[in-house]
Amino acid sequence: MSTEQRDLIAERHDGVLYLTMNRPDKLNALSEQMIAGLLEELNRAAHDREVGAVVLTGAGRGFCAGGDIGRMRERNEGGGAPGAGTDGSAGEQGIQTRISQLRRSEEVSLLLHEMPKVTIGAINGPAAGAGLSIALACDLRIAADTARFGTAFARVGFSGDFGGTYLLTQLVGPAKARELYFTAEVIGAEEALKLGMVNRVVPAATLTDEVRAFAKRLAAGPVVAYSYMKAHLNLALKSDLRTILDRESYGQTLTGLTEDHKEAVKAFLEKRDAKFKGR
């Protein structure tokens, strides 16, 4: 089953939702239609028992270049939000409108980070600015050896959005995150792997096949248990051991009541692979 929009392609195979940002001529720079599509698909998948994992990637040679520079120029030259001045400056109403619109768009990162499904970024090429932030919001990242990563915001006089400051700090530590934001240095896939920004680096020619095999394996796994694991791991970023122990005892007890747990124990004793059903 597949549905296609101009700027986003959504496909389902083997319990995996594949989302492809589809503006290859602009290195998949974000658009209103793309963001709307991502929000719709991710919200739907979050509550769909038939979806066991989500893969996000880009069409063509790039993952996502972040904001559309051409659209920025149009806005700055006077085509901005309601309340903008004739010189392209934003009045109070225009500023509040821009803030609200951006915050709604940033829910893409929150969904990738918090939805009860494993999310995988298949980084096929450059990931920059908000594109990097979105990649970092995924639970796991598999990068082609040709991929490149950059915060990019300093190059266009922006401070950053889509959660990148939080996510990069969590992954590489505060000192390196500051360096990458202030300098906007572009780094390669191997350097990103060393820093912990990606989980794996694979040859570009095999990226699609390796991601599909990995995502299919996860989608066929104990997805109810994965949802609790993800919630606990996210909580661990901002909580203490006592709180985590409370949550783990709750999650461990509830997952112990699932059909998946009972099937896994039975399969282990019978020396065969378990057949999980997501319940």
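The values are calculated or read from the model by the stated rules, or taken from the named source; none is laboratory data. In this text the structure is predicted, and so the values were computed from the model without any measurement. With ideal geometry, Cβ positions are generated from the backbone for all residues, glycine too; neighbour counts draw on all protein chains shown. Accessible surface is based on the protein model in full, side chains and every heavy atom, while ligands, DNA and RNA are left aside. Shrake-Rupley method; radii C 1.70, N 1.55, O 1.52, S 1.80 Å.
Points to keep in mind about this one:
- Candidate set: the range 157-199, residues that are assigned to a helix (DSSP H, G or I) and among the charged types (D, E, K, R); chosen: the one most open to solvent (accessible area, probe 1.4 Å): Lys194
- Number of positions in the range 234-248 that are open to solvent by 100 Å² or more (accessible area, probe 1.4 Å) and either under 23 Å from Glu50 (Cα atoms) or touching a helix residue (DSSP H, G or I) at 6+ places or on another chain (Cβ under 9 Å) (or both): 1
- The listed residues are Gly251, Gly221, and the only one of them that is in a loop (DSSP other than H, G, I, E, B) and open to solvent by less than 30 Å² (accessible area, probe 1.4 Å) turns out to be Gly221.
- Scanning the range 231-245 for residues that are within 28 Å of the chain's Cα centre (by Cα) and assigned to a helix (DSSP H, G or I) turns up Ala231, His232, Leu233, Asn234, Leu235, Ala236, Leu241, Thr243, Ile244, Leu245.
- Here Leu257 meets each of (1) in contact with a helix residue (DSSP H, G or I) (Cβ under 9 Å, 6 or more places away or on another chain); (2) surrounded by fewer than 16 Cβ atoms within 10 Å (Cβ to Cβ); (3) free of Cβ contacts under 8 Å to residues at least 60 places away in the same chain; (4) part of a loop (DSSP other than H, G, I, E, B) with one exception, condition (1).
- When Arg141, Arg178, Arg98, Arg155 are checked against the criterion of being basic (Lys, Arg) and under 14 Å from the mean Cα position of the chain (by Cα), a single residue qualifies: Arg141.
- Just one of the listed residues (Ala205, Ala264, Ala213, Ala274) is surrounded by 14 or more Cβ atoms within 10 Å (Cβ to Cβ), among the small types (Gly, Ala, Ser) and in a helix (DSSP H, G or I), and it is Ala264.
- Whether a residue is free of Cβ contacts under 8 Å to residues at least 24 places away in the same chain and either crowded, with 24+ Cβ neighbours inside 10 Å or hydroxyl-bearing (Ser, Thr, Tyr) (or both) was assessed, and Ser105 does not pass this test.
- The range 49-100, residues that are of a type in the set (Asp, Glu) and either modelled with pLDDT of 90 or more or more than 27 Å from Ala135 (Cβ to Cβ) (or both): Glu50, Glu77, Asp87, Glu92
- Only one of the listed residues (Thr206, Thr183) is closer than 25 Å to Ala29 by Cβ, of a type in the set (Val, Ile, Thr) and modelled with pLDDT of 95 or more. That residue is Thr183.
Every residue, every condition in (1) open to solvent by 10 Å² or more (accessible area, probe 1.4 Å); (2) aromatic (Phe, Trp, Tyr); (3) in contact (Cβ under 8 Å) with a residue 12 or more places away in the chain; (4) on the phi > 0 side of the Ramachandran plot, yes or no:
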position	(1), (2), (3), (4)
Glu11	yes, no, no, no
Met21	no, no, yes, no
Leu30	yes, no, yes, no
Ile35	yes, no, yes, no
Glu40	yes, no, no, no
Asn43	yes, no, yes, no
Val54	no, no, yes, no
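- Lone qualifier among Leu112, Leu136 - being open to solvent by less than 20 Å² (accessible area, probe 1.4 Å), under 8 Å from the mean Cα position of the chain (by Cα) and closer than 16 Å to Ile187 by Cβ: Leu136
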